[in-house]
Amino acid sequence: MQTSPQRFTTPRFRNGVSYTRHGEEHHIDYRQQSVVLTLEQNDNSLDDFLLDLQKGGKTLAELKSAYPTLSDEIEDLIVQFDNHYLLTESHYPIISDTLSGKQFANQLKRYSLAWHARLGTSSLYVAMSEGRATRSQLIGFAIEYYHIVKAAPSIIAPAMSHKCPDPIFQGIKRLFLEEHDHETLLLKALSAAGISEGKVKETTPLSSTFSVYCTLGTFGRQHLLSFISALFLFEEPYPEFNLLFVKTCKALDLPEGFWKPIVGHSAVNEEGGHHLITDELLGHISAISAEEALVTLVHIMTLLETMKIWDAQICSTYESDLELRIFA
């Protein structure tokens, strides 16, 4: 769709366009097509104008000024040439403030660490480190974690519909295949804690859990750069959290069958290199504009805030006796 009345700033013929004159006919040839002009001019204005288009470098205003006898026809000629795919820009303005994908990955990590520090430590981590975490909170965490892992394939799949470099597509496809059916690990863990798989499947996620995976799903559908940039938040291993989680589970007499699959899922991500996926995929992007980088950073910082709310809501909802969120 044409959104500007001016198609070109400094038009010139594409590489491969040839121009010849045969008497009063002006032939412009490109591959298997040809345009023939027979404008009646008493001078060589059209000839010189077409030669100028071969060289390029002049703006439309400069072309009109240089060929006053053609000034009324020049815009129509430009439109016709463009309709036949004969024109391009002589040069493009240099875009400043761009980052390579690798540079943006470093910036993303710096901003994320700073925002993590500002938001504060995980509520569940603090509760476990202070010995205040309850059995129901740990089980509740596993239930909400289950809902995110279960949603992973439907979140990842739309990201594969975007046109992108093949290494990025292959990386996302590989992640989809590896994450498929991982929720069975969480179902086994919760079954070991005394909650049947059928009951877990009937539960409704917390509003913040829903917000977390819907936000990531929206990125997957609508903004691939944000989706790629968010993956490390879910795939990065957190060994300090895992060690404390296991210690707290043992203190609360939760069986090995509960905590081992949960920690095992994190180990699978680490061994499979999932925690490096954001760096890997961003490395295949050659340039990211300052505006696009800013939009993506806002998205990721907002997601971090949502994850902070999610963590706090798990602690508050499951603080006392475990009540499964099953609504008939």
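The values are calculated or read from the model by the stated rules, or taken from the named source; none is laboratory data. Computed from a prediction, not measured in an experiment: that's the story for all the values here. Cβ atoms come from the backbone with ideal geometry, glycine included; neighbour counts cover every protein chain shown. To get the accessible areas, we keep the full protein, side chains included, count just its heavy atoms, and leave off ligands, DNA and RNA. Shrake-Rupley method; radii C 1.70, N 1.55, O 1.52, S 1.80 Å.
A few notes on this one:
- The range 38-53, residues that are modelled with pLDDT under 85 and not acidic (Asp, Glu): 38, 39, 41, 42, 44
- Enumeration of residues in the range 275-328 that are part of a loop (DSSP other than H, G, I, E, B) and among the β-branched types (Val, Ile, Thr): 285, 326
- The listed residue being among the hydroxyl-bearing types (Ser, Thr, Tyr) and open to solvent by 20 Å² or more (accessible area, probe 1.4 Å), out of 184, 209, 203: 184
- Here residue 281 meets each of (1) at pLDDT 95 or above; (2) closer than 19 Å to residue 128 by Cβ with one exception, condition (2).
- Test: residue 138 is open to solvent by less than 40 Å² (accessible area, probe 1.4 Å), over 30 Å from residue 34 (Cα atoms) and not basic (Lys, Arg): yes
- Cross-chain or 6+ apart pairs with Cβ under 7 Å, the range 212-234 first and more than 8 Å from residue 155 (Cα to Cα) and in contact (Cβ under 8 Å) with a residue 12 or more places away in the chain, then of a type in the set (D, E, K, R) and open to solvent by 30 Å² or more (accessible area, probe 1.4 Å): 225/292
- Against the conditions (1) modelled with pLDDT of 90 or more; (2) β-branched (Val, Ile, Thr); (3) open to solvent by 10 Å² or more (accessible area, probe 1.4 Å), residue 268 satisfies every one except (1).
- Pair list, Cβ under 6 Å, 6 or more apart: the range 134-163 residue free of Cβ contacts under 8 Å to residues at least 24 places away in the same chain, other residue open to solvent by less than 20 Å² (accessible area, probe 1.4 Å): 160/172
- Meets criteria (in contact with a helix residue (DSSP H, G or I) (Cβ under 8 Å, 6 or more places away or on another chain) and under 25 Å from residue 110 (Cβ atoms)) for residue 185: no
- Residue that is under 30 Å from residue 276 (Cα atoms) and not basic (Lys, Arg), where the choices are 59, 98, 88: 98
- Among residues of the range 97-130, those that are open to solvent by 80 Å² or more (accessible area, probe 1.4 Å) and not in a helix (DSSP H, G or I), counted: 3
- Against the test of being out of contact with any helix residue (DSSP H, G or I) (no Cβ under 7 Å at 6 or more places or on another chain), open to solvent by 50 Å² or more (accessible area, probe 1.4 Å) and modelled with pLDDT of 90 or more, the options 191, 196 yield a single qualifying residue, 196.
- Unique match (being in a helix (DSSP H, G or I), of a type in the set (A, V, I, L, M, F, W, C) and farther than 14 Å from residue 209 by Cβ) among 152, 133, 157, 142: 157
- Selection count, the range 303-322, where residues are open to solvent by 20 Å² or more (accessible area, probe 1.4 Å), closer than 14 Å to residue 121 by Cα and among the aliphatic types (A, V, I, L, M): 3
- Among the numbered conditions (1) open to solvent by 20 Å² or more (accessible area, probe 1.4 Å); (2) in contact with a Pro (Cβ under 7 Å, 6 or more places away or on another chain); (3) farther than 21 Å from residue 264 by Cα, the only one that residue 220 does not meet is (1).
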